[in-house]
């Protein structure tokens, strides 16, 4: 068997389905390379496939080896931190957090990732990193809301009104 040949663990349609449901961009790219290799209507070299998926021919070779050795699970993303483990809060707890975030925190200020992490700690019963608080703020589509800064030497409303009365419209000048 050549290095560019793949063992047909999955049909071309099954490869396409795996491509559509891939968890990460990198995994999707691996499935795309395997689809391009498996398509009998358009035979391509490793170099051509590498150009299409914007990787190197060696990367394509490693992807083929991963697929041949690991079968359908070969192309999955196995990097640390991408384990696709379940979220810390279940759906009911996320809804409760969303409701809580709609009101000011106990100190009356704005919600911070540290405050959200503290709230989550109370719910789950163990320490939570502040990054988790930030991730939940983002997951629930909350963004940093700050008022626009004002110049320290800005005119008062009275001074602004006086300036408007003095200046004539540009069309009458």
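Values quoted throughout were computed directly from the atomic coordinates according to the rules given, and no laboratory measurement underlies them. No experiment lies behind these values; they were computed from the predicted model shown. Cβ: placed from backbone, ideal geometry, glycine included. Neighbour counts: every protein chain shown.
When we screen 90, 98, 107 for residues that are more than 25 Å from the chain's Cα centre (by Cα) and under 30 Å from residue 124 (Cα atoms), the only hit is 107. When residues in segment 26-47 are screened for being more than 28 Å from the chain's Cα centre (by Cα) and surrounded by 15 or more Cβ atoms within 10 Å (Cβ to Cβ), 4 of them pass. For the subset of segment 1-25 comprising residues that are more than 22 Å from the chain's Cα centre (by Cα), touching a residue at least 24 places away in the same chain (Cβ under 8 Å) and more than 15 Å from residue 71 (Cα to Cα), which member is surrounded by the most Cβ atoms within 10 Å (Cβ to Cβ)? Step by step, filter segment 1-25, then rank; the result is 4.
Could you tell me whether residue 152 is closer than 30 Å to residue 5 by Cβ and either in contact with a strand residue (DSSP E or B) (Cβ under 7 Å, 6 or more places away or on another chain) or assigned to a loop (DSSP other than H, G, I, E, B) (or both)?
Working: closer than 30 Å to residue 5 by Cβ: no; either in contact with a strand residue (DSSP E or B) (Cβ under 7 Å, 6 or more places away or on another chain) or assigned to a loop (DSSP other than H, G, I, E, B) (or both): yes.
It is false that residue 152 is closer than 30 Å to residue 5 by Cβ and either in contact with a strand residue (DSSP E or B) (Cβ under 7 Å, 6 or more places away or on another chain) or assigned to a loop (DSSP other than H, G, I, E, B) (or both).
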